[in-house]
Amino acid sequence: RARYLVTIVGRLVVVAGLILFFVEQHIGKALGHGGEPGITMERLLLLSIPNTYVWLLGFYWFFHLWLNLCAELTRFGDRLFYKEWWNARTIETYWRHWNLPVHHWMLRHLYYPTLRLGVSKAVATGIVFFFSAVLHEVIISVPFRHISGHAFAGMLSQAPLVFITKWLDKYFDNPLLG
């Protein structure tokens with residue numbers, strides 16, 4: 001469908017322009033070229049809103065526009081790439097909904113095979129998060145040519161949050177808490 005493809009490509013260009021705008025006008029200025037070294041609380045606060053916009057626009061650009069463009073070009077029938085992750089009450093629900101292709105791959109190739117080996121669900125979840133943490137570190141480290149461990153630690157530290165947020169959701173039954 002040529003008309004649909006043209007609208008997707010147009011939206012890809014507009015959203016990419018918005019991402020570049022936020023990076024150049026807000027994130028670049030908040031990081032400050034020159035001045036005092038290090039990250040201060042003021043800089044972190046200045047980065048919080050534009051960083052959120054860039055993250056959301058990047059999600060929309062990739063998961064909605066780019067993947068639908070690829071699906072349209074290849075006539076791929078399944079167009080469900082994410083669910084309503086923004087309504088998640090627990091970390092587990094968030095990770096199940098925000099990236100369905102990766103989630104289904106992890107289930108098929110890591111989680112279910114480890115369960116079939118007799119491993120408990122908690123250990124299987126830990127294995128999946130460990131693999132994801134290694135993968136996130138590689139994705140971040142290779143372009144920057146520096147292994148810092150931040151992506152690994154950030155991803156791996158979310159594994160306990162699966163159980164904590166599930167308990168909090170059950171105990172308090174408050175949709176805003178999670």
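The values are calculated or read from the model by the stated rules, or taken from the named source; none is laboratory data. The structure displayed is predicted, hence computed values, not measured ones. Because the Cβ atoms are built from the backbone with ideal geometry, glycine has one as well, and the counts that use them run over all protein chains shown. Surface areas here come from the heavy atoms of the whole protein model, side chains and all, with no ligands, DNA or RNA. Shrake-Rupley method; radii C 1.70, N 1.55, O 1.52, S 1.80 Å.
Would you check which residues across segment 136-155 are among the aliphatic types (A, V, I, L, M), open to solvent by 30 Å² or more (accessible area, probe 1.4 Å) and in contact with a helix residue (DSSP H, G or I) (Cβ under 8 Å, 6 or more places away or on another chain) and list them?
Ile139, Ile140, Ile147, Ala153
Does segment 6-32 hold any residues that are within 24 Å of Leu69 (Cα to Cα), out of contact with any Phe, Trp or Tyr (no Cβ under 8 Å at 6 or more places or on another chain) and open to solvent by less than 40 Å² (accessible area, probe 1.4 Å), and which are they?
Ile8, Gly10, Gly17
Criterion first (among the hydrophobic types (A, V, I, L, M, F, W, C), within 21 Å of the chain's Cα centre (by Cα) and within 30 Å of Ile164 (Cβ to Cβ)) does Trp86 satisfy it?
The answer is yes for Trp86.
Matching residues to (1) under 30 Å from Phe163 (Cβ atoms); (2) touching a residue at least 24 places away in the same chain (Cβ under 8 Å); (3) touching a helix residue (DSSP H, G or I) at 6+ places or on another chain (Cβ under 8 Å):
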{"residue": "Ile27", "(1), (2), (3)": "no, yes, yes"}
{"residue": "Ser48", "(1), (2), (3)": "yes, no, no"}
{"residue": "Tyr60", "(1), (2), (3)": "no, yes, yes"}
{"residue": "Leu65", "(1), (2), (3)": "no, yes, yes"}
{"residue": "Asn68", "(1), (2), (3)": "no, yes, yes"}
{"residue": "Arg75", "(1), (2), (3)": "no, no, no"}
{"residue": "Thr90", "(1), (2), (3)": "yes, yes, yes"}
{"residue": "Leu100", "(1), (2), (3)": "yes, no, no"}
{"residue": "Leu117", "(1), (2), (3)": "yes, no, no"}
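If the Cβ limit is 6 Å and pairs must be 6+ apart or interchain, which residue in segment 158-178 that is in contact (Cβ under 8 Å) with a residue 60 or more places away in the chain pairs with which residue that is among the small types (Gly, Ala, Ser) and open to solvent by 50 Å² or more (accessible area, probe 1.4 Å)?
Between residues of segment 158-178 that are in contact (Cβ under 8 Å) with a residue 60 or more places away in the chain and residues that are among the small types (Gly, Ala, Ser) and open to solvent by 50 Å² or more (accessible area, probe 1.4 Å), the close pairs are Thr165/Gly178; Asp169/Gly178.
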